[in-house]
1. Please report the spacing between the Cα centers of region 50-123 and region 226-249 in Å, no decimals.
2. Grab the beta carbon distance between residue 76 and residue 37, set R0 = 51 Å, and tell me the FRET efficiency rounded to 0.05.
3. Please order 150, 77, 247 by the number of other Cβ within 10 Å, starting at the fewest.
4. Over the residues of region 81-126, compute the C-alpha Rg and express it relative to 2.2 N^0.38 Å.
5. Taking neighbour counts of Cβ atoms within 10 Å as a proxy for exposure, in what order, fewest first, do 210, 218 appear?
6. First check a/c for the chain, with a ≥ b ≥ c the square roots of the eigenvalues of its C-alpha gyration tensor; if it is under 1.5, answer rounded, and if not, answer prolate when a/b is larger than b/c or oblate otherwise.
7. Would you work out the relative contact order for the chain, in percent, from Cα pairs under 8 angstrom that are 6 or more residues apart?
8. Quick one: work out Rg over Rh on the C-alpha atoms of region 140-259, Rh as Kirkwood radius.
Ligand code: PGA
């Protein structure tokens, strides 16, 4: 049985004080649920807050992750941070290839850049959360599963996955992120089942240990239906991760999968 993972991607939101207050609120909510070992909970603040949030997380079961990295270990790469720098903060996870980095920000990341980042994360013993997902035109053209095959294959070139700690995948249909429009549980399961099959081909039996998260407008009231799908192992949560009660409500929905 895969332990569900509920990950909050804070994106470029909150400040140091409000981030720490959010952590305190999540902590209080999790204490009352008693979820500790049955659901893994992760927060991914902006890089500049990794250290203070690591401090705020001390003594809690909540884990820390970063939102991106640069693949080189060090050097003249102004503005970038390396996997080792992230690991030094105490973070154990890093989101890679998020849709906003593929489609919205700056130079737009391609699958080659994303693959280099996955490799860099693994070299620093971080668990990459590799994000994949189709755009609306791709879905409309019937290309969803082909896009997923391409992105998961390209993202994992030269990456060995031996246990579930080596990789997390996030299926995030681009058209569902921050739009309030989410995939139906059936659409999510079709995509997740497809990704699991491709993972079997790519990495062998460890595919059954890899968590595949759903992301895109997950809220407390729609989380349980999507998380009950057999190949959905938790969520990557944007907007709803910024409010403790909403985020804890989603953790509670993940808990329903394992009790
Ligand atoms: P959202 O974002 O929950 O606000 O749609 C999801 C994500 O970008 O990971």
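1. So the two Cα centres are separated by 21 Å.
2. In this case the efficiency is close to 0.70.
3. Ranking 150, 77, 247 by Cβ neighbours within 10 Å, fewest first, gives 77, 150, 247.
4. Rg over 2.2 N^0.38 Å, computed on Cα atoms: 1.17.
5. Taking fewest neighbouring Cβ atoms as first place, the list is 210, 218.
6. rounded
7. Over the chain, the number comes to 22 percent.
8. Answer for region 140-259: 0.97.
Read-outs throughout are calculated quantities, based only on the coordinates presented, and are distinct from any laboratory measurement. The model shown is predicted, which means the values in this text are computed figures rather than measured ones. A quick note on method: Cβ atoms are made from the backbone with ideal geometry, for glycine too, and the neighbour counts reach across all protein chains shown.
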